[in-house]
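The structure under discussion appears below in the form of structure tokens.
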Amino acid sequence: MERNAKTYFGVPTKENVDYKKIYEFNTNTINPKELFIPYLKNRGGREDALAKHVQEIRDGILKDGGMDRIPPIYIDINTLQIADGNCRFNALLSILNDELLDNITLRVIFEDIPEESFDERVIQYNMGQKSWSTVDFIYNYMLRGYDSYKKLIDFCMSDDTLHTKDGKINPRYAAAALRVSANDLKKSTLNITDADIEIGHKVVQEAAEVRKKFSEDAKANGGGWYEPYLRAWAEFRDSLGGIQFGDYLKELNKTLKGRKTEVKVPYGSNKKADWNVFFRAVKSYIA
């Protein structure tokens, strides 16, 4: 939806805007909150991480006494929505609301962004200003309505091995358990079904039971191998056929106690193939 095509407070219209110019708006003259529209629903990342970033920018503005060292904010000329600079804008509003500074100059660059391209442009801007992590992309796509990314986040939060105590998810572990490509985590191509989630829960639970059998070994405390370990188990379990998981665990226990010289746990290996060799070796001893 295009805004009313009139010039007010020095804000240009699409007809007279200079896209190469950095426009300056003084907070003593205008109320930026009434002009520019934060566009947060497509913002990547967790809310607590964004709040921390806003606080860091706010501290920098207060220290320098203004926004001279802060990059300009990019605004869509059609809607006056912020395409890049939501955190900078909210840091400014926070300072104004608390009446800590006045006479602040907000620098703005206008762009003509087609509505259908706006979401992708938001991502491009943020990757340019501050690189997004995989988690940022996942939350971004979830907020944009991609159901598979919501399923992924819910799956991560449902198991202690897939998130930290403070709630930070481990999406690559989840992708391994769900047998989906980690490359899709940063795209909009991720496809996770309810059936995938159901199997994924079994994969994680079984992998945890297997891991307990050798967790007393000091070498098992390293976590760098957990992703290929999960991915290998997610694929190997299909080969159990008629073998019950409980029987596999019993054989694993006997294997570790009686055949250590023949079958070694590949601690520290980031190769899925090494873990597949280990799982198959244990299976070979089952009568």
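The values are calculated or read from the model by the stated rules, or taken from the named source; none is laboratory data. All values derive from a computational prediction rather than experimental measurement. Here the Cβ positions follow ideal geometry from the backbone for every residue, glycine too, while neighbour counts run over all protein chains shown. Accessible surface is based on the protein model in full, side chains and every heavy atom, while ligands, DNA and RNA are left aside. Shrake-Rupley method; radii C 1.70, N 1.55, O 1.52, S 1.80 Å.
What distance in nm separates the simple spin-label points at Lys21 and Asp112, each placed 7 Å from Cα in the Cβ direction?
Here the answer is 1.6 nm between the modelled labels.
Pairing the Cα long axis of helix 272-284 with the longest principal axis of the chain, what angle in degrees results, from 0 to 90 and rounded to the nearest 10?
Helix 272-284 sits at roughly 30 degrees to that axis.
With charges only on Cβ, +1 for K and R and -1 for D and E, what is the dipole size of the chain about its Cα centre, in debye, rounded to 20?
Dipole of the chain, to the nearest 20 debye: 1480 debye.
Note down the nm distance, to one decimal, between modelled labels 7 Å out along Cα→Cβ at Asn191 and at Gln205.
With each label point 7 Å from Cα toward Cβ, the separation is 2.8 nm.
Work out how much length Asp247 to Glu56 would gain on full extension: take 0.36 nm times their residue separation and subtract the Cα-Cα distance, in nm to one decimal.
63.3 nm
Would you work out the relative contact order for the chain, in percent, from Cα pairs under 8 angstrom that are 6 or more residues apart?
Relative contact order for the chain comes out at 15 percent.
Would you mind getting me the FRET efficiency between Ile30 and Ser133? Use the beta-carbon distance for r and R0 = 25 Å, nearest 0.05.
Calculated value: 0.10.
Of Pro228, Pro114, Pro171, which has the largest mean-square fluctuation in a 10 Å C-alpha GNM of the chain?
So, out of Pro228, Pro114, Pro171, the one fluctuating most is Pro114.
Would you mind putting 148-159, 18-29, 54-65, 83-94 in packing order, based on average other-beta-carbon counts within 10 Å, highest first?
83-94, 148-159, 54-65, 18-29
Work out how far the C-alpha atoms of the chain reach from end to end along every principal axis, then list the three figures in whole Å, largest first.
Sorted largest first, the three principal extents are 83, 38, 27 Å.
Once phi is turned into ³J(HN,Hα) by the Karplus curve 6.51 cos²θ - 1.76 cosθ + 1.60 with θ = phi - 60°, what whole-Hz value does each residue of the range 241-249 show in order, with x for glycine and proline?
After applying 6.51 cos²θ - 1.76 cosθ + 1.60, I find x, x, 6, 6, 4, x, 5, 5, 4 Hz.
If the chain between Asp238 and Lys165 were fully stretched, how many nm would it gain, using 0.36 nm times the residue separation less the Cα-Cα distance?
Computed gain between Asp238 and Lys165 is 23.1 nm.
R0 = 41 Å: FRET efficiency of Tyr285 with Asp147, Cβ-based, nearest 0.05?
Efficiency for this residue pair is about 0.45.
Tell me which of Ile70, Thr161, Cys87 sits at the most positive position along the dipole axis of the chain, charges placed on C-beta atoms (Lys, Arg +1; Asp, Glu -1).
So the residue furthest toward the plus end is Thr161.
So what is the accessible area of the chain per residue, in Å², with the probe set to 1.4 Å?
With the other protein chains kept in place, the chain gives 54 Å² per residue.
Tell me, what ³J(HN,Hα) does each residue in the range 19-24 have, in order and in whole Hz, if you take phi through Karplus 6.51 cos²θ - 1.76 cosθ + 1.60 with θ = phi - 60° and put x for Gly and Pro?
Result, ordered by residue: 6, 8, 8, 9, 7, 10 Hz.
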